[in-house]
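Only one structure is covered here, and it is reproduced in the block below.
All of the numbers you see were taken from the coordinates with simple rules; none came from a lab. Please read these numbers as outputs of a predicted model, since none were measured by experiment. Counting neighbours? That spans all protein chains shown, and the Cβs are built from the backbone with ideal geometry, glycine included.
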Amino acid sequence: MKNLLVLGAGAAGTMVVNKLRKKLPNDTWEITVVDQETEHIYQPGLLLMPFGTYEPEQLIKKRQSFFPKGVNFIQAEIEKVDPTLNKVFLKDGREIGYDYLVIASGTTPRPDQTLGMSDPAIWYKSVFDFYTLAGATALRGALRDFSSGRLVVHITEMPIKCPVAPLEFTFLADAYFEKRGIRDKVEIVFVTPLEGAFTKPVASKHLGTMLNDRKISLESDFVIEHIDVEAKTMVSMDEREVAFDLLVTVPLNMGADFIERSGIGDELNYVPTNKHNFLSDEFPNIFVLGDASNIPASKAGSVAHFAVDLFSENFVNYVNSRPMEHSFDGHANCFIESGNRKGLLIDFNYEVQPLTGRFPIPVIGPLPLLKESYLNHIGKLAFRWIYWHILLKGRYLPIPALMSMAGKVQVTKKEKERINANN
Amino acid sequence: MPTIEIAGKQITVNEEGFMTVYDEWSDEIAKVLAAQVDIELTPRHWEVIHFLRDDFKKEGESSTSRHTQTVGGFPIKEQFELFPKKPAKKMSYIAGLPKPKGCV
């Protein structure tokens, strides 16, 4: 009997056990998954919760209901991995041996890593995150009570989970205050450590224009040093100051603490991983999927989904000493809510940045790329159903794992030079 | 890839002017690149640059500000003092390394 052990039962871990249970024979392979929580949260919904789109119970389901028959679930905290012994130690003293290990323990916001941010005088009073259920719930109340002043939306440091979410939050806040008839009493500022609104030039330009159109000011290259709690002001490394009445921040994101305790991560607890086949750089029987790795792709469910599709095919070959046939290209596909029941869609990979054009999709498509449309908004809302019923269970979704250029408008050399000159 | 002449040598750069060939770099070239972004190199600047060059050789990619702080021992605040406004970008530019990946 061989043991496959999966650490983490979020989107990546759940998809892995579903895909692999179908591919690995029950009589020769045992599959076990460990997670400290029994509840699975639909994380994309957390962005919309502060605006009243969802109630918390619409975003939570039991993790166990997504595991197929023949998968053992252990609810426990992980103490550490010992790759020399091929063992995982749990906090409660149990030990689990493995032949192959999949690390899918994700990334989480750490407000305590920025001086002043988690100070009880401001945390969940005037400073909020929205990537946690507690944060999104608390923020809903704070937004409701907010009638005038300065709203600052802020990213601490890249990489972060779902890198477009802070921009979406900003667009949604603009539409929300407009709808309440108080937009003229609210100043909105978007503060980022990046050079512009987003990481990639074409998207950054489009999204930057959208900020401008909505009279949202952009404070770029802002690397936070600390928050002055009394003055309610963020101070940057080069001593710039941004004051706020309400701060919606994305705290520093870090991988799980057991990664650090095991000595297998980088300075942000991400595991060094091959970006094409997800094999750990160091250990030949450890794979890393989803947000837990250091691959230069978006930390997002869509990336995890495409990655797991390729990985599960590769894994069967790998354990049978055959070459891994599929090479991941960094494909990501994200809906961006822009407010007023509209949204954008971006589709990109390691080499190709998000471009304009159309995204072919059977039945409902094509969807416009990098352009606001009602269809994209519907796509975003429909995704919750797809996530619970198709994606997590490893069922077929008609979007190819590797990115396609079909429908995309390529950037000319001249355009590229113009964009660079503006940066 | 375009080439430009610096300190009497032809060097290969990308569209944004970042050098693309590790071994074409030299101290002389670094001084010219630094001057282009209004930086005069002090011994402390050179310590950072040499860390970045060595680290790139080891890791195969340009160091982020955090990595330069944690592994190299150069606090981010000091990186801002030495290479004002956009330290990660300027450090890679002068050290002849690719622009660090704006992680997506």
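Let me see the P(r) profile for region A:111-253: every Cα-Cα distance counted, bins of 10 Å, each bin given as a percent of all pairs.
12, 46, 36, 6, 0
With θ set to phi - 60° and the Karplus curve 6.51 cos²θ - 1.76 cosθ + 1.60, what are the ³J(HN,Hα) couplings of region A:107-116 in order, to the nearest whole Hz, using x for Gly and Pro?
9, 9, x, 10, x, 5, 7, 10, 4, x
Skipping prolines and chain starts, which residues have an amide H placed within reach, meaning under 5 Å, of the one on residue A:226, given they are 5 or more residues away or on another chain?
So residue A:226 has HN proximity to A:235.
Which FRET efficiency value, to the nearest 0.05, do you get for residue A:274 and residue B:40 by plugging their Cβ-Cβ distance into 1/(1 + (r/R0)^6) with R0 = 35 Å?
Calculated transfer efficiency: 0.30.
HN-Hα J couplings of region A:350-359 from phi, Karplus 6.51/-1.76/1.60, θ = phi - 60°, integer Hz, Gly and Pro as x?
Residue by residue, region A:350-359 yields 4, 9, 9, 6, x, 10, 7, x, 10, 9 Hz.
Over region A:100-211, what relative contact order in percent results from Cα pairs under 8 Å that are six or more residues apart?
21
Residues of region A:268-285 with the amide nitrogen closer than 18 Å to a label point 7 Å from the Cα of residue A:84, along Cα-to-Cβ, please.
A:282-285
Over the whole of B:85-93, what's the average partner chain Cβ count within 10 Å per residue? Rounded to a whole number, please.
2
Roughly how far apart, in whole Å, are the Cα centres of region A:3-24 and region A:114-182?
33
Using DSSP, restrict attention to beta bridges with both residues in the protein assembly as shown and report what percent are antiparallel, rounded to the nearest 5.
50
Using modelled amide H (1.01 Å from N, peptide plane; none on Pro or chain starts), what sits under 5 Å from the amide H of residue B:6, excluding residues fewer than 5 places away?
B:11
Translational diffusion coefficient of region A:1-57 at 25 °C, 0.890 mPa s, Stokes-Einstein with Kirkwood Rh over Cα pairs, in µm²/s as a whole number.
184
When N counts the residues of chain A, how does its alpha-carbon radius of gyration compare numerically with 2.2 N^0.38 Å, as a ratio?
Numbers: Rg = 21.6 Å, N = 423, 2.2 N^0.38 = 21.9 Å.
It is 0.99.
Just to confirm a number: summing +1 for Lys and Arg and -1 for Asp and Glu over residues other than residue B:9 whose beta-carbon lies under 9 angstrom from that of residue B:9, what do you get?
Details: positive: none; negative: B:5, B:24, B:28.
Value of the local net charge: -3.
Shape of region A:374-415 from its Cα gyration tensor (a ≥ b ≥ c, root eigenvalues): rounded if a/c is under 1.5, otherwise prolate when a/b > b/c, or oblate?
It comes out oblate by the Cα gyration axes.
Arranged by the count of other C-beta atoms within 10 angstrom, fewest first, what order do B:25, B:46 take?
Working: B:25 20, B:46 12.
Ranked by crowding around the Cβ, least crowded first: B:46, B:25.
Helix by helix, which DSSP H runs in chain A go 24 Å or more along their axis at the Cα atoms and have an average Kyte-Doolittle hydropathy of 0.5 or more? Could you put the intermediate results ahead of the total?
Working: long enough: A:301-319 (26 Å, 0.64).
Those that pass (Cα extent of 24 Å or more, hydropathy at least 0.5) are A:301-319.
Give, rounded to the nearest 20 debye, the magnitude of the charge dipole that chain A has about its Cα centre when Lys and Arg contribute +1 at Cβ and Asp and Glu contribute -1 at Cβ.
Here chain A has a charge dipole of around 1880 debye.
From the backbone phi of region A:277-290, what are the Karplus-calculated ³J(HN,Hα) couplings (6.51 cos²θ - 1.76 cosθ + 1.60, θ = phi - 60°) in whole Hz, Gly and Pro given as x?
Residue by residue, region A:277-290 yields 10, 6, 7, 4, 4, 9, 10, x, 10, 10, 10, 10, 10, x Hz.
Rounded to two decimal places and with Rh computed the Kirkwood way over Cα pairs, what is Rg over Rh for region B:30-94?
0.92
What residues have an amide H closer than 5 Å to that of residue A:367, excluding those fewer than 5 places away on the same chain, when H is modeled at 1.01 Å from N in the peptide plane?
A:359, A:361
Starting from region A:204-279, pick out the GluC sites (Glu not before Pro) whose DSSP state is loop and whose Cβ has at most 16 other Cβ atoms within 10 Å. Kindly include the intermediate steps, with their values, before the conclusion.
On the way: sites: A:219, A:225, A:230, A:239, A:241, A:260, A:267; in loops: A:230, A:239, A:267.
Sites meeting the loop and neighbour criteria: A:230, A:239, A:267.
Kindly provide the trypsin sites (Lys or Arg not before Pro) of region A:1-93 that DSSP labels as loop, not H, G, I, E or B, and whose Cβ sees at most 16 other Cβ atoms within 10 Å.
Hits after loop and neighbour filter: A:69, A:91.
Report the relative contact order of chain B, percent, no decimals, based on alpha-carbon pairs under 8 angstrom and at least 6 residues apart.
28
Tell me, what is the percent relative contact order of chain A, built from C-alpha pairs under 8 Å that lie six or more residues apart?
About 16 percent, as a whole number.
Using a cut-off of 20 Å between alpha-carbon atoms, which aspartates and glutamates can reach residue A:22, once sequence neighbours fewer than 8 places away in the same chain are excluded?
A:30, A:99, A:309, A:313, A:325
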